[in-house]
Amino acid sequence: MQGPVASSTPPTTPPTSPANRASSKFLYVVNSIEKTVQGFAIDAATGTLASTGPALAADDAPIYAASTPDGKFLYVANAGSKAIGVSAYRIDGLRGSLMPTTPAEFATTGDAEPFGVVVDPTSTHVYTTNLHSVSAFSIDPATGALSDVPGTPVAIPNTNLLGTLAITPDGRYLYAADIQNNSLWQFAITSSGLPQRMGAVATGDYPVGVVADPSGKFVYVANWRSNDVSRYSITAATGVLVAGTSTTAAPEGCGPQELAVDPMSQHLFVSCAGLSSIARFAMDSSSGDLSGMMSFSTGQFTAPRGIAVDGSGGFLYSAWNMQNRAGAAAIDSGGSLNAVSGAVMTGRGPIGVALSGRQ
């Protein structure tokens with residue numbers, strides 16, 4: 001039987017090349033309780049954040065956001081039962097301010113309550129995890145408007161609780177967490193942009209966060225209830241995942257939900273909302289195995305959720321859910337974190353973060 005036909009279009013710039021390691025320009029934070037998204041400009045030298053303007057409305061229960069690699073658009077998944085679907089915004093490339101597209105929101109046809117959201121490396125497609133499926137949208141390159149890829153949504157059997165999703169750096173494969181069934185679904189992306197299901201692999205208990213590393217070799221899953229991280233190797237020719245021999249324990253009480261990898265695929269970072277800290281693991285470049293855990297406090301009662309490493313690999317940003325702030329930390333060559341002073345105020349209940357642009 002012929003397997004799924006995947007797109008062969010690679011990213012314009014390899015994720016780990018020096019040209020792709022310029023500092024990110026803007027950070028966007030999704031305020032889940034306030035139902036807004038908010039932008040901040042990044043100082044490339046210090047990592048400090050400065051507001052780009054007032055927060056803009058999203059819809060019911062916005063959780064996560066993703067920007068297009070070309071820096072033109074931002075998309076927010078609204079997971080509430082009253083929400084229409086995905087909110088879309090145009091990004092001012094100079095100032096970072098946002099403006100809603102027309103229309104401002106796009107429905108997840110055939111399903112509801114999108115949770116995770118990613119954009120492909122070529123800035124042509126958006127993908128979301130919904131209650132029972134994965135949706136695929138095409139992006140209008142001029143307006144940012146979304147339209148359904150024919151065949152969307154792609155149903156995931158016997159589930160109504162999905163987590164986040166991740167796409168490989170070459171844009172060929174997609175992986176989505178199935179919280180209800182403690183599994184990770186694998187998809188090959190066809191030439192039209194439609195994900196084609198390839199089966200699932202087992203995860204730990206209550207998988208929420210998923211990340212594909214920039215080298216395109218590994219996928220990691222944060223398992224909230226079993227308090228650990230699963231590791232998988234990506235089979236280059238097919239995108240099929242091969243599970244590691246064991247999971248890696250997070251610090252006791254961490255409750256991992258979000259993950260981030262630096263641009264050189266040397267360090268995996270895990271947000272520990274339960275400990276108000278961020279854990280760092282060294283990544284083995286050959287096996288993807290994790291070791292050398294170090295834990296860094298973000299401050300008492302901060303409860304970091306969404307995390308992201310900027311394009312230079314020099315700074316990590318996190319949404320402090322209990323303090324309604326966004327914090328920055330400098331990353332040294334060994335992966336240690338050193339807090340950048342001046343955490344900025346966000347709206348209420350910040351969770352998701354997304355980086356955009358290069359400077």
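Projected label points at Thr109 and Asp205, each 7 Å from Cα along the beta carbon direction, are separated by 4.1 nanometres. In this structure the amide hydrogen of Ala79, modeled in the peptide plane, comes within under 5 Å of the amide hydrogens of Ile63, none closer than 5 places in sequence on its chain. Here the Karplus curve 6.51 cos²θ - 1.76 cosθ + 1.60, taken at θ = phi - 60°, turns the phi angles of region 145-150 into couplings of 5, 10, 9, 5, 6, x Hz, with x standing for Gly and Pro.
In the neighborhood of Val154, defined by Cβ-to-Cβ distances under 12 Å, what is the net charge if each Lys or Arg adds +1 and each Asp or Glu adds -1?
Details: positive: Arg197; negative: Asp111, Asp148.
Around Val154, the charge tally is -1.
Residues whose amide H comes within less than 5 Å of that of Met283, counting only those at least five positions distant or on another chain, are His267, Leu268 (H built at 1.01 Å from N in the peptide plane).
Rounded to the nearest Hz, the phi-derived 3J(HN,Hα) couplings of region 28-33 under the Karplus curve 6.51 cos²θ - 1.76 cosθ + 1.60 (θ = phi - 60°) are 10, 10, 9, 9, 5, 6, where x marks glycine and proline.
Solvent-free Debye calculation, one equal scatterer per alpha-carbon of region 24-358: log10 I(q)/I(0) at 0.08, 0.11, 0.13, 0.15 Å⁻¹ equals -0.31, -0.61, -0.89, -1.24.
Here the Karplus relation 6.51 cos²θ - 1.76 cosθ + 1.60, evaluated at θ = phi - 60°, turns the backbone of region 336-341 into coupling constants of 6, 10, 10, 4, 8, 5 Hz, with x for every Gly and Pro. Please go through the residue pairs Lys25/Lys82; Lys72/Lys217; Lys25/Lys217 and name each one whose alpha carbons sit more than 31 Å apart in this structure. Distance filter (> 31 Å) returns Lys25/Lys82. So what's the gap between the Cα centers of region 21-65 and region 95-168, to the nearest angstrom? Centre-to-centre distance over Cα atoms comes out at 19 Å.
Values quoted throughout were computed directly from the atomic coordinates according to the rules given, and no laboratory measurement underlies them. As the structure is a computational prediction, the values presented were derived from the model and not from experiment. Using ideal geometry, Cβ is built from the backbone for each residue, glycine included, and neighbour counts are taken over all protein chains shown.
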